[in-house]
Each structure stands twice: as C-alpha cells, then as structure tokens.
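Working notes for the structure below.
The values are calculated or read from the model by the stated rules, or taken from the named source; none is laboratory data. No experiment lies behind these values; they were computed from the predicted model shown. Ideal geometry is used to build each Cβ from the backbone, glycine not excepted, and the neighbour counts take in all protein chains shown. Quick note on the areas: whole protein, heavy atoms, side chains included, nothing else; ligands and nucleic acids left out. Shrake-Rupley method; radii C 1.70, N 1.55, O 1.52, S 1.80 Å.
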Amino acid sequence: MSPGAPPRVVVAEVSPRIDGGRHPVKRVEGEPVVVGATVFADGHDVLHVVLSHRPPGSSRWVDVPMIPVNPGLDRWEATFVPVDQGTHPYKVLGWIDGFATWAHGTSRKLEAGQAVDSELLAGAALLEADAEGAPRRDAALLKEAAARLRSGDLSDLTDPGSDDRPSAATLHRRRLRRADAGSGPVVEVVVERERALFSTWYELFPRSTFVTGPTAADESAPLRHGTLRGVAEQLDRIAEMGFDVLYLPPVHPIGTSFRKGPENAETAGRGDPGSPWAIGSSAGGHTSVHPELGTLEDLHHLVEAAAATGVEIALDLAFQCSPDHPWVTEHPEWFAHRPDGTIQYAENPPKRYQDIYPLDFSGSAWRELWEALLEVAEFWMDRGIRIFRVDNPHTKPFAFWEWFIAQLRRRDPEVVLLSEAFSRPAIMAELAKVGFTQSYTYFTWRTTKAELTDYAREVTTGPGADASRPNFWPNTPDILAWHLQGASRAMFALRHLLAATLSASYGVYGPAFELCENVPAGNGKEEYGRSEKYELRRWELDADPSLRDQLTRVNRVRHECLALHTNRTLRFHHAPNDQVLAYSKTTHDGPDPDPARPARNPVLVVVNLDDREVQRATLELDLASLGIDPSRPFHALDLLTGRRFAWEGAHPFVELDPERQPGHLLRISQPPADGTDPRP
C-alpha cells in the first residue's frame, strides 16, 4: 500500500461499546474485556487484525492478534485483561497482509499444478521492500528469505518461525504501518477495584438498638436511641456473617417541621424521631452528625473499627433537605418556589412529603448548588468514606451525576456509588452509563423461574452488563415485597440464596431480613409495619426464626469461591420442574481442574423456588460449560452442608426440602484421567 493512500480495510460494529462510545465500558481489575469487531476489505486479500489497548498511565499501545470467530460474517475477536485501575482505551486495527495474501495465492496455484516462477519473484520483491528501513537483524532475515524465494525454495510459505528466528510472515507484519491501518473508534474502559463488582451489603439504622441474651426479651425496657458507638459494637457480628459493606441510612440531624410519625403519619408525637431522610436542623446539615448518634469523632472511630474487621462503611447521599436545614435560610435560591413564594415540598402524588424540600438542580444558582453537593461528598471522603448509596438519583438530572461522579473519581478512583433508583429501565440504564458503580434492580419482584432466568441473563450477561453492575436486594426499608409478607423462614432463605449467587453483589436490609421480619403495614402496599424509617426499633438478635447461620455459610462460600465473584459466566441448566432453578458460574479463565486450587472450581446452584413443598428434578447439565468430561465421573460438594455427591453424566437427580435447606450450593470437580481422587 502506498503511503498516504486511503485504508482499504473497514472496521465496524466494535463491541463492547456504550452508546457509540459516548460512555465508558465498566470492568474491574483482572476482569477480561472480550472485544469483537466486523473487519473486512474489498477483494480477497488476507487481513491482519489486532486489538490495540493502552494501560492507564502508559503511552505505549499493546497489540493482541484478533482471530476470526465467524469468517462468513467477517467477525473477529480478542481478549485483554486490564490489571490497573483507571481509564484503559482500546481500538481495533486492520491491514491488508501482503505476504499472507501472496502465500495463500501461491499455495493455491501450486495445489493446482501451475507454475509459480513469477510469484516467487513477486514474493521476494515484497520481502526486499520490507527490508528497507527495517532493524538490522530483521532486514538480514528478510533478505535471506527473499533470496530463498528467488532460488526456488518454497519453505517460507509454511515456515511458522520461532521466537529466536521469526518467520517471513511475522517479519512482514512487523513492517505494517499503523498509519495505513483501517481503524475502529477508540473505546474507553473504566477499570475499578474489585469491590465495584463483588460486594456483600448489610444495612442497619444506627439509631436502633441490638440486644442479645436474657435482657433481649425484656419488652418493658424503654427504647433508647442507638449511637454510632453502638454500631461499632456490632461490627464483629456483621463481619463474622461475611458482610464486607455496612450501609447506614442518613446519619445527619433530622428536622422537626412537619416531622413524620410512626407508619408515615403526617403528625409526629412527642419523642418521635422522624425520618432520617428529612435532613437538617439547627444542629446542622449534610456535613453534621445527628447529636443523638454521636459526633464526627464517633463516626471516625466506626470507620476505623470497621476497617480493622474487613468491613467498609457506606453512607447515604440523600440530596434533599428538611424545612429546618441551614441551606433553606442561607441559600433559598437552591430551592424551587411556588407562585406564593413558599418552597415546594416533595410530592409523588398522592403521596406528600412535607418534611422534605427538593433541591432545584436546574435553577438560576445551579452551579453553586452542584459545587456545594460535591463538597458534601468530599467532606465524607476526607473522613474515610469510599462507598455511598445514593438516594433517589432518578429525580436529579443525569448531567449532574455525570459531572459529580467524574469529579469524585478524579479525586479517588476507588469511590463506589450504588444507585437506588427503582425506576423505568431506560432511566436506570442511563444512571449506570453516566457513572454509577452499581445499581439496585428488579430482582426484588422477580419470583418465577422464567422471570428469574430472563432477568438474570439480562442484567448479568447481556449488552447492558458492560455499563451496569447489578446489586440484588431481596428487601429494603422501603420494600417488604408481597412474597415476603407473612412468609416462612424458608421463603427468606431461598430469596437469600438466589440473591447471593445470581449476582456478584447483593445486600439485605439487615436485622429485618436476618430475623425474617414479615409483618406488613397493612395498608395494601409493600411496606413494613413498625417501619424503622419513622420510629426506633430494638432488634432481639437471638430471636427465632433467624437466618444468621445461612447468611454466614453462604457469605463464606461467596468469598472462597472465585466463580461467585463474577456475573459474566452465569449459565442456566435445564430442569424439567418449574419449581427448580439450576445455574452455574465459572471463573473468568474457565474451570480449573487443579484440586489444589478448589477456589477456582465451577459452582453449580440448584434452588427450590417453592418454600412449602419438597421438589425434585432430573437435571440436564451443560457439562462443557462446567469443564467436565462426560465420559468420566465427577464430584459435587454441597458447600452448605458438606454432603458429597458422586455423579456420572449430565442428568443427576436432586431432591430439595425447603424446611431443611433452600437448595444446593455445589462445588464441581473431576478426578484427573489418571484415576487419582482430588477430594473437592
């Protein structure tokens, strides 16, 4: 190709790519990026295609050869594994491979018995042209290959070369000029720490109290307001259960004007604490701690104590104010006003939230407001907070979040933000695209086998998974789903097993879920009775029924089994019973049969979706996806019970009693072909 001539190679349909490259693709350290592209040219020339990527902080592009995965559709694929946090761009490049084209055509003529004297001269001239300007050693090798062709030696047509002595084909590809390549768009991949993908959340209200032992049953004891120091006393228990993120609803002063009473009553009684989301009083606003919870020093103590147990503290970012917030008088321009001059309180008709004033993100003072909200987040980051759960982000402009999150990431790329937006799919997807690390999902309401299968595939392995990371919550303080109202412990257990194994990140509204709280408000809605959002609670942690043992066992398995740290390898297996759901996960680089590393083995989960009846099924396993040779036996170890199964073939039988356990959580292994028996 003559220098300056337009490229003949077309690079199209590059994936993964979000909205044409408008937003970055999401990955964590060590999580593969499988890149595909449609690459073709006019005529019948052979192409050389590479995936070119640049690690963060480097000026050097690294090329990975792409291979045709569907030649009939000109589809090419390659994988790279980012190992450093930061922005990691990639692009696809394609050239006409002159030597490979010559070699292919010459070989075809030889097979047909045709003379190739002229072709040998053409091949030699091609290599001699490559030698011009090449490094001395490469130039010498190219000239030697050209001489062989001129002498009639055809060995370079098939010579694979070696590291010490590259083939003529390899040397030719080294001489391809990047300027002559057809190029796809540059796509950015944002690479984050592992907790962005794999996390285990426990939510509690710090103003509640947690009691054990004989005093727990003393109902006559007066309720007292919990403190941050009291939360610190719960850290060992939470860490022992295997949770690595402890999320606290807003810890700020609560307004008194229009304070809500129990069950969201419009009038509060004397001593009612109000909703923590009605932020701000004479004691301060978004950068203050509620006086009854403690002080900033107490919060610092909690953050440090949590870190010592392997737990991170997540705070709530709720960008709204009570009528008593200092900003109401200091910055009235940050709020929307009615025609009569009063500030508009929050509404979701027919619901009214008179205790909350929304902020006006698009008003005349929007720049100053945005900067003030950024300062709020930075204030808490300065005090050791790196994880935020963001309240109702779908009620604020997308442009604000894109700017806000970018600013936080420039300050600290390890910040994690969970989007609490139970909204329409397009809105939830857009919030993920503009930068939210994780997202709440509709898992809370998916109950049937078909619903769970379709939805889990959509959010964990579909195209949207490149932009959004799901966080499965079976309950929240706002939501006691219909299937949990009056439900048995078995229902809580099966919902927990699903959440903890379908998604790499999951969370529970802690004590309520741990103790199988199932009493609804009785107002025909999915709301808790005696909601902690509006009153103090005392949780008797020794009470029955309790899920503590299962939470602990499942979370331990989650941390030990690397297959459960990812979403992209989720595969469903056929079970003829609609009440039995079977699925598996493997590690990124495929199953590892090495018995010395059981943490890398595939995991198979079989769940009974019926919380009342024993269910049975003969499974139809996709053994290839599990890395299992169907001609040899394999083992399945139930990591919840320690029970070990010896299976042969793709059709094992399972029987699940919901009163005993919600399902099997199985580590799959296969003895080596030499007959040795690695116990899984």
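Just one of the listed residues (Glu514, Glu560, Glu535) is more than 26 Å from Asp657 (Cβ to Cβ) and among the acidic types (Asp, Glu), and it is Glu535. Can you confirm whether Pro602 is within 21 Å of Asp629 (Cβ to Cβ) and modelled with pLDDT under 95? Criteria not met by Pro602. Of everything listed in (1) within 23 Å of the chain's Cα centre (by Cα); (2) among the hydrophobic types (A, V, I, L, M, F, W, C); (3) within 22 Å of Leu666 (Cβ to Cβ), the single unmet condition for Ala490 is (1).
In segment 307-361, of all residues being touching a helix residue (DSSP H, G or I) at 6+ places or on another chain (Cβ under 9 Å) and over 30 Å from Leu246 (Cβ atoms), the one that is surrounded by the fewest Cβ atoms within 10 Å (Cβ to Cβ) corresponds to Glu333. Filter segment 606-622 down to residues that are of a type in the set (A, V, I, L, M, F, W, C) and surrounded by fewer than 21 Cβ atoms within 10 Å (Cβ to Cβ) and give me whichever is nearest to Phe572 (Cα to Cα). Here the answer is Leu619. Residues in segment 327-342 that are β-branched (Val, Ile, Thr) and touching a residue at least 40 places away in the same chain (Cβ under 8 Å): Val328 only. All told, Leu541 falls short of being in contact with a strand residue (DSSP E or B) (Cβ under 7 Å, 6 or more places away or on another chain) and over 21 Å from Leu204 (Cα atoms).
Of all residues in segment 414-428, exactly one satisfies the criterion of being open to solvent by 40 Å² or more (accessible area, probe 1.4 Å), touching a strand residue (DSSP E or B) at 6+ places or on another chain (Cβ under 9 Å) and more than 16 Å from Ser199 (Cβ to Cβ), namely Phe422.
If we keep just the residues of segment 222-245 that are among the basic types (Lys, Arg) and open to solvent by 40 Å² or more (accessible area, probe 1.4 Å), which is farthest from Arg537 (Cα to Cα)? Across segment 222-245, the extreme among qualifying residues is Arg229. Checked against the criterion of being surrounded by fewer than 20 Cβ atoms within 10 Å (Cβ to Cβ) and in contact with a Lys or Arg (Cβ under 8 Å, 6 or more places away or on another chain), the candidates Leu564, Leu547 yield just one match: Leu547. For first residues located in segment 134-151 and touching a residue at least 40 places away in the same chain (Cβ under 8 Å), partners that are assigned to a helix (DSSP H, G or I) and of a type in the set (Lys, Arg) and lie 6+ apart or on another chain with Cβ distances below 8 Å form the pairs Ala134/Arg174. Filtered by the rule that a residue be of a type in the set (Asp, Glu) and under 18 Å from Lys585 (Cα atoms), segment 627-660 gives Asp629, Asp638. Yes or no: Leu369 surrounded by 21 or more Cβ atoms within 10 Å (Cβ to Cβ), touching a Leu at 6+ places or on another chain (Cβ under 8 Å), in a helix (DSSP H, G or I) and not small (Gly, Ala, Ser)? Criteria met by Leu369.
Going by the conditions given, is Val390 under 25 Å from Val190 (Cα atoms), part of a helix (DSSP H, G or I) and in contact (Cβ under 8 Å) with a residue 40 or more places away in the chain? Spelling it out, it is not the case that Val390 is under 25 Å from Val190 (Cα atoms), part of a helix (DSSP H, G or I) and in contact (Cβ under 8 Å) with a residue 40 or more places away in the chain. The set of residues in segment 375-408 that are open to solvent by 10 Å² or more (accessible area, probe 1.4 Å), under 20 Å from Gly285 (Cα atoms) and of a type outside the set (Lys, Arg) comprises Glu375, Glu378, Phe379, Asp382, Gly384, Asp391, Asn392.
Strands (runs of 3 or more DSSP E) fully within segment 38-141 that include at least 1 residues being under 30 Å from Glu13 (Cβ atoms), modelled with pLDDT of 95 or more and open to solvent by 40 Å² or more (accessible area, probe 1.4 Å): 62-65, 67-70, 75-80, 86-96. Comparison of Ala432, Ala426, Ala406 shows that the only residue that is among the small types (Gly, Ala, Ser) and touching a Ser or Thr at 6+ places or on another chain (Cβ under 7 Å) is Ala432.
Set side by side, the residues Glu368, Glu414, Glu451, Glu430 differ, and just one is in contact with a Lys or Arg (Cβ under 6 Å, 6 or more places away or on another chain) and either more than 30 Å from Val580 (Cβ to Cβ) or modelled with pLDDT of 95 or more (or both), which is Glu414. If the condition is being surrounded by fewer than 21 Cβ atoms within 10 Å (Cβ to Cβ) and among the aromatic types (Phe, Trp, Tyr), then segment 447-472 contributes only Tyr455. Of the residues that make up segment 526-539, is at least one open to solvent by 10 Å² or more (accessible area, probe 1.4 Å), farther than 30 Å from Glu192 by Cβ and in a helix (DSSP H, G or I)? No: segment 526-539 contains no residue that is open to solvent by 10 Å² or more (accessible area, probe 1.4 Å), farther than 30 Å from Glu192 by Cβ and in a helix (DSSP H, G or I). One residue stands out among those in segment 162-195 that are open to solvent by 30 Å² or more (accessible area, probe 1.4 Å) and small (Gly, Ala, Ser): the one that is farthest from Gln438 (Cα to Cα), which is Ser162. In segment 248-271, of all residues being aliphatic (A, V, I, L, M) and over 36 Å from the mean Cα position of the chain (by Cα), the one that is surrounded by the most Cβ atoms within 10 Å (Cβ to Cβ) corresponds to Ala268.
Considering (1) in contact with a Ser or Thr (Cβ under 9 Å, 6 or more places away or on another chain); (2) farther than 30 Å from Asn577 by Cα; (3) open to solvent by less than 10 Å² (accessible area, probe 1.4 Å); (4) of a type outside the set (Asp, Glu), the lone condition that Thr444 does not fulfil carries the number (2). Here Asp298, Asp316, Asp324, Asp355 are screened, and the one residue that is touching a residue at least 12 places away in the same chain (Cβ under 8 Å) and assigned to a helix (DSSP H, G or I) is Asp298. The set of residues from segment 623-660 being open to solvent by less than 40 Å² (accessible area, probe 1.4 Å) and touching a residue at least 60 places away in the same chain (Cβ under 8 Å) comprises Leu639, Leu640, Val654, Leu656, Pro658. For segment 407-503, list the strands (runs of 3 or more DSSP E) that sit wholly inside it and hold at least 2 residues that are touching a Phe, Trp or Tyr at 6+ places or on another chain (Cβ under 7 Å) and of a type outside the set (Asp, Glu); which are they? By residue number, 416-420, 470-472.
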